[in-house]
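Chemist: Sharing a structure here in structure tokens format.
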Amino acid sequence: MPDHSATASVQQVRGACPHDCPDTCALLTTVQDGIAIKVQGNPAHAHTDGVLCTKVSRYTERTYHPERILQPLKRIGPKGSGQYTPVGWDEALTDIAARLQTVAARNPEAIVPYSYAGTMGLVQGESIAARFFHALGASLLDRTICASAGAEGLVHTLGGKVGMQVQFFAESKLILIWGSNSIGSNLHFWRYVQQAKRNGARLVCIDPRKTETAEKCHEHIALRPGTDAALALALMHQLITHDWLDHAYLAEHTVGWPELRERALQWPPERAAEVCGVPVEQIVSLARDYGHCFATGEPAAIRLNYGMQRTRGGGNATRAVVSLPALIGAWRHRAGGVLMSSSGHFPVQRAALQRPDLLAGRGPRTINMSTIGDALLDTTAPQIEALVVYNSNPVAVAPDSGKVVQGFAREDLFTVVLEHFQTDTADYADYILPATTQLEHWDVHSGYGHTDALLNRPAIAPLGQSKANTQIFRELAARMGLTDPCFSESDEALCRTAYGDQVDFGTLLEHGFATIPLPDAPFATGQFPTPSGKCEFFSDRLAAQGLDGLPDYLPNYEAAGTSTEFPLAMISPPARNFLNSSFVNVTSLRQIEGEPLLEIHADDAQQRGITSGAVVRIFNQRGTYRCKAKVSARARVGVVNGLGVWWRKLGLDGSNVNQLTSQQLTDLGRAPTFYDCWVEVALDAPLETEKT
């Protein structure tokens, strides 16, 4: 890239944001004398357009954080105490390899990897790491904690994690933002929405919480958590009864329409209004607006996000919502349809990256990451004896964290954590190994909110003694006698492997990104990636599993108002200035966010004598969590919002909101039910008695 600075020691390096966000921004890092001094959006990348969120714009503060772990650490105190002493890499890796070899000799399935989206990178995520665990024959990990219910819903309806292209929302005339606080979690999509709004589009937000996004929309439908499928079926009811239907599209490009029609007719708006806790008029009006787009030939688009699939019926709810566009033929327009995830459009060569062939015919068991609490406490052979955690902070983010902590505290569990900081999980590690940040390593990325592949070049040398995830697993493999040549493949070579010949690597090197070629309106004439090639309202694949082939409404396990002991529903949406549990320890962002809060509606607060700033106990059968209350119009009656995910160690009593969430799983995708959680809230100790 041209050097526009006065001195030759300043350069800009192209990269990609690694975090779990649909925007997957292209970055430019300014480096002076080997030090990164600024991270900004790449203006040459259309979706990023030079703009970054508040979090990532402060990425240098994270990379150069004074609490960054820059040398291997070995535990010297009780688990959870955070007491460590520095050791050399050779001592750490030699001991870790010996401990893992001892476990593997008894049963390699007693070794479990635990990772998710601390980086979304294809190389620093599951490349050498996956090869390492496959070669060992370790247990497999079912990576379900965020999106698998919605993903299954998409697969069994549209055929994959596919949808409309995000930039065409700018041309839509009706946009339903469903289960998404786009201003906080999908900023660049919101910029397209603003463009559409200026051009006369109507915006409707569907969310139990009155988010910043809901405030900026023309209408907010504050339904109860887990009732999204009921709302979608009622919209279908109105489209049918008023004949706002594209009969030709239904006949040519869908499967199971007669059966879905019959089910939808069982959901008049009055029934759905009672279930959802919203006025009948809102449902009727929304259906009229959606049907009007068909009548006038205008595009209607739905931006669906993952919050709505974190309940018992999350997979079915996804299926119901993503079925809607086919009813009115919205897919005929490039600005019509639905987008939940675009990741299925990327031709990632996962087998080449992860090498499942290294299992050599072995079929190890699979551990669900969402039930890691139960898994660690299960004494059934083979009991988990060794856990290697990377790109994740399960003690903070996994549900039912009381059990998770109990499992991690096992003295007979050998735990290794690859990290940047001493997180809640790192406090329980036998060894903490210092990993590089995105500014210090090669990687390549796909995305789930647009369709551009991105390359990340290292902008600076690794700080201290930190090593890339890939290098740590290479060195462990060597010490454990794993000699397959695949372990010597360099990170740059892995970046080339990730897409093979499906994406031009020269383009990635030159520009930092490459667009996956797609039709503007990918399903205008059907051609869905389903077995039938059609939008499958009825899924034969689900029916073959003994499941309902049609989408339906499934009430929450812990629905609001169904327990006298725990009468409130709780959802735990992300705090705006954090990303899951990342950035929680970045001082400037934590100062903006303030402190852990529970939002509660004025009516619910008054009944309990709660005022803003008071310390409250939120509790259910799984545990108790204490934080300050905020009486807020963002909460609807009967639902409280426990903003997350704060590190447990920063809470008033060393816990966070996941002390209350359960390990029950969704209908499809084996995913967690974070937003399917009943609680009670009570006033707690006076504020002056709390620790500071």
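The values are calculated or read from the model by the stated rules, or taken from the named source; none is laboratory data. Predicted model, so just to flag it, every value in this text is computed and none were measured. All Cβ positions, glycine included, derive from the backbone under ideal geometry; neighbour counts span all protein chains shown. Protein only, heavy atoms only, side chains kept; ligands, DNA and RNA dropped before computing areas. Shrake-Rupley method; radii C 1.70, N 1.55, O 1.52, S 1.80 Å.
Chemist: What does the extension gain come out to for A105 and L518, with contour length at 0.36 nm per residue minus their alpha carbon separation?
Modeler: Difference between extended and current length: 143.8 nm.
Chemist: Taking the alpha-carbon centroid of each part, what is the distance from segment 459-525 to segment 28-101 in angstrom?
Modeler: 19 Å
Chemist: Here is a further query. Stokes-Einstein at 10 °C, 1.306 mPa s, Kirkwood radius from Cα pairs: D for segment 281-378 in µm² s⁻¹? Display every interim value, and only then the final one.
Modeler: On the way: Rh = 17.5 Å.
So the translational diffusion coefficient is about 91 µm²/s.
Chemist: Next question. Take every Cα pair under 8 Å in the chain that's 6+ residues apart, average their separations, divide by the length, and report that relative contact order as a whole percent.
Modeler: On the way: 1632 pairs, mean separation 140.8, N = 692.
With pairs under 8 Å counted, the relative contact order is 20 percent.
Chemist: Which percent of the accessible area of the chain is formed by carbon and sulfur heavy atoms (probe 1.4 angstrom)? If you can, show how the numbers build up before the last one.
Modeler: Numbers: 12000 of 24050 Å².
Summing carbon and sulfur atoms, their accessible area is 50 percent of the total for the chain.
Chemist: Oh, and also: If you check each cysteine of the chain for another cysteine whose beta-carbon is under 4.7 Å away, which ones come up empty?
Modeler: Taking the Cβ cut-off of 4.7 Å, the unpaired cysteines of the chain are C21, C53, C146, C276, C293, C486, C495, C535, C627, C677.
Chemist: Is the shape of segment 192-248 best called rounded, prolate or oblate, per the rule: a/c under 1.5 gives rounded, else a/b larger than b/c gives prolate, else oblate, with a ≥ b ≥ c the square roots of the Cα gyration tensor eigenvalues?
Modeler: Details: a/c = 3.21, a/b = 1.26, b/c = 2.54.
Cα axes put segment 192-248 in the oblate bin.
Chemist: Give the separation of the Cα centroids, segment 349-371 to segment 609-635, in Å.
Modeler: Spelled out, the Cα-based centre of one part sits 42 Å from the other.
Chemist: Based on the Kirkwood radius over alpha-carbon pairs, what is the Stokes-Einstein translational diffusion coefficient of segment 445-540 at 37 °C with 0.692 mPa s viscosity, in µm²/s? Walk me through the intermediate numbers first.
Modeler: On the way: Rh = 17.2 Å.
Stokes-Einstein gives a translational diffusion coefficient of 191 µm²/s.
Chemist: Putting +1 on Lys and Arg Cβ atoms and -1 on Asp and Glu Cβ atoms, find which of A633, V586, H601 reaches farthest to the positive end of the dipole of segment 585-638.
Modeler: V586
Chemist: For the chain, with the dipole built from +1 on Lys and Arg beta-carbon atoms and -1 on Asp and Glu ones, taken about the Cα centre, which of A301, Q406, Q659 lies farthest toward the positive end?
Modeler: Of the candidates, Q659 comes out farthest on the positive side.
Chemist: Taking the Cα centre of segment 296-410 as origin, work out the dipole magnitude from +1 charges on Lys and Arg Cβ and -1 charges on Asp and Glu Cβ, in debye rounded to 20. Mind showing how you got there, number by number?
Modeler: Working: 12 positive and 6 negative charges, 59 e Å.
For this selection, approximately 280 debye.
Chemist: Which three semi-axes in whole Å describe the equivalent ellipsoid of the chain, each the square root of 5 times a Cα gyration tensor eigenvalue, listed largest first? Intermediate values should be presented prior to the final figure.
Modeler: Details: eigenvalues 300, 185, 132 Å².
Ellipsoid semi-axes (Å, largest first): 39, 30, 26.
Chemist: Hey, another quick one. Classify segment 577-670 from the C-alpha gyration tensor, please: rounded if a/c falls under 1.5, else prolate or oblate depending on whether a/b exceeds b/c.
Modeler: On the way: a/c = 1.58, a/b = 1.06, b/c = 1.49.
In terms of gyration-tensor shape, oblate.
Chemist: Follow-up. Full extension from E281 to Q527: what is 0.36 nm times the residue separation minus their Cα-Cα distance, to one decimal in nm?
Modeler: On the way: separation 246, 0.36 × 246 = 88.56 nm, distance 3.61 nm.
The E281-Q527 span can extend by a further 84.9 nm.
Chemist: If you take the square roots of the eigenvalues of the alpha-carbon gyration tensor of segment 1-158 and sort them as a ≥ b ≥ c, do you get rounded (a/c under 1.5), prolate (a/b over b/c) or oblate? Present the calculation step by step, with values, prior to reporting the outcome.
Modeler: Values: a/c = 2.41, a/b = 1.35, b/c = 1.78.
Oblate, because a/c is 1.5 or more while a/b does not exceed b/c.
Chemist: Using a 1.4 Å probe and counting only protein heavy atoms, arrange L324, L70 so the residue with the most accessible area comes first.
Modeler: Result, largest first: L70, L324.
Chemist: Still on this structure, I have one more. Within 13 Å, Cβ to Cβ, of C293, how many net charges do the neighbouring residues add up to if Lys/Arg are +1 and Asp/Glu are -1?
Modeler: Numbers: positive: K173, R202, R288, R332; negative: E171, D246, D289, E298.
Summing Lys and Arg as +1 and Asp and Glu as -1 gives 0.
Chemist: Would you work out the charge dipole size for segment 451-565 about its Cα centre, treating the Cβ of every Lys and Arg as +1 and the Cβ of every Asp and Glu as -1, and quote it to the nearest 20 debye?
Modeler: On the way: 7 positive and 16 negative charges, 81 e Å.
It works out to roughly 380 debye.
Chemist: What is the dipole size for the chain, taken about its Cα centre, with +1 at each Lys and Arg Cβ and -1 at each Asp and Glu Cβ, in debye to the nearest 20?
Modeler: Values: 60 positive and 71 negative charges, 109 e Å.
My answer is approximately 520 debye.
Chemist: To the nearest 10 square angstrom, how much accessible area does D501 have with a 1.4 angstrom probe?
Modeler: Near enough 140 Å² of accessible area.
Chemist: Distance between Cα centroids, segment 234-254 to segment 129-186: provide it in whole Å.
Modeler: Using only Cα atoms to place each centre, the spacing works out to 27 Å.
Chemist: Moving to a separate point now. Mind ordering 380-386, 489-495 by average Cβ neighbours within 10 Å, highest first? Could the numbers behind the result be given before it?
Modeler: On the way: 380-386: 16.3, 489-495: 18.3.
Per-residue mean Cβ counts within 10 Å order the peptides as 489-495, 380-386.
Chemist: Further question: What net charge do the residues around K197 carry, taking every other residue with its C-beta under 14 Å from that of K197, with Lys and Arg at +1 and Asp and Glu at -1? Walk me through the intermediate numbers first.
Modeler: Working: positive: K173, R191, R198, R202, K216, R303; negative: E171, E215, E219.
So the surrounding residues net to +3.
Chemist: Beyond 19 Å between alpha-carbons counts as too far, so tell me which of K79/K403; K161/K216; K403/K649 fall in that bin. Before the final figure, lay out each step's value.
Modeler: Details: K79/K403 15 Å; K161/K216 28 Å; K403/K649 16 Å.
Table pairs above 19 Å Cα-Cα are K161/K216.
Chemist: For the chain, what is the accessible area per residue in Å² when the probe is 1.4 Å?
Modeler: Working: 24050 Å² over 692 residues.
Heavy-atom SASA per residue in the chain reads 35 Å².
Chemist: Would you mind getting me the FRET efficiency between E212 and S588? Use the beta-carbon distance for r and R0 = 22 Å, nearest 0.05.
Modeler: On the way: r = 19 Å, r/R0 = 0.88.
E between E212 and S588, to the nearest 0.05, is 0.70.
Chemist: Now a separate question. Give a residue-ordered list of calculated ³J(HN,Hα) values for segment 543-559 (Karplus: 6.51 cos²θ - 1.76 cosθ + 1.60, θ = phi - 60°; whole Hz; x for Gly, Pro).
Modeler: 4, 5, 8, x, 9, 5, x, 9, x, 8, 8, 10, x, 4, 4, 10, 6
Chemist: For segment 133-138, in order, what is each residue's ³J(HN,Hα) by Karplus, 6.51 cos²θ - 1.76 cosθ + 1.60 with θ = phi - 60°, in whole Hz (x at glycine and Pro)?
Modeler: 6, 5, 5, 6, x, 5
Chemist: Two decimals, Cα atoms only, Kirkwood Rh: what is Rg/Rh over segment 203-362?
Modeler: Numbers: Rg = 18.0 Å, Rh = 17.1 Å.
In segment 203-362, Rg relative to Rh is 1.05.
Chemist: Next question. Which semi-axes, in whole Å and largest first, does the equivalent ellipsoid of segment 305-453 have when worked out from the alpha carbon gyration tensor as the square roots of 5 times its eigenvalues? Mind dumping the intermediate values first?
Modeler: Working: eigenvalues 249, 91, 61 Å².
Each semi-axis is √(5λ); the values are 35, 21, 17 Å.
Chemist: With a sphere of radius 11 Å drawn around the Cβ of L158, what net charge do the other residues whose Cβ falls strictly inside it have (Lys, Arg +1; Asp, Glu -1)? Walk me through the numbers before you get to the answer.
Modeler: Values: positive: K161, R319, K534; negative: E536.
Once all neighbours under 11 Å are counted, the net charge is +2.
Chemist: Helix-only estimate, please: 222 nm mean residue ellipticity of the chain, summing -39500 (n - 2.57) across DSSP H runs of length 4 or more and dividing by its residues, to the nearest 500.
Modeler: Numbers: 23 runs with 197 residues, N = 692.
The per-residue figure over the chain is -8000 deg cm²/dmol.
Chemist: HN-Hα J couplings of segment 110-117 from phi, Karplus 6.51/-1.76/1.60, θ = phi - 60°, integer Hz, Gly and Pro as x?
Modeler: Coupling constants for segment 110-117: 6, 9, 10, x, 9, 8, 8, 10 Hz.
Chemist: Would you check the accessible area of F513, probe 1.4 Å, heavy atoms only, in square angstrom rounded to 10?
Modeler: Spelled out: F513, probe radius 1.4 Å, area about 40 Å².
Chemist: Let me ask you something else. Keeping all protein chains in place and using 1.4 angstrom, which order do W178, W190 fall into by accessible surface area, from largest down? Don't skip to the answer; put the middle values down first.
Modeler: Values: W178 0, W190 25 Å².
Output order, biggest surface exposure first: W190, W178.
Chemist: With every protein chain in place, what's the accessible area of I76 (1.4 Å probe, Å², nearest 10)?
Modeler: 110 Å²
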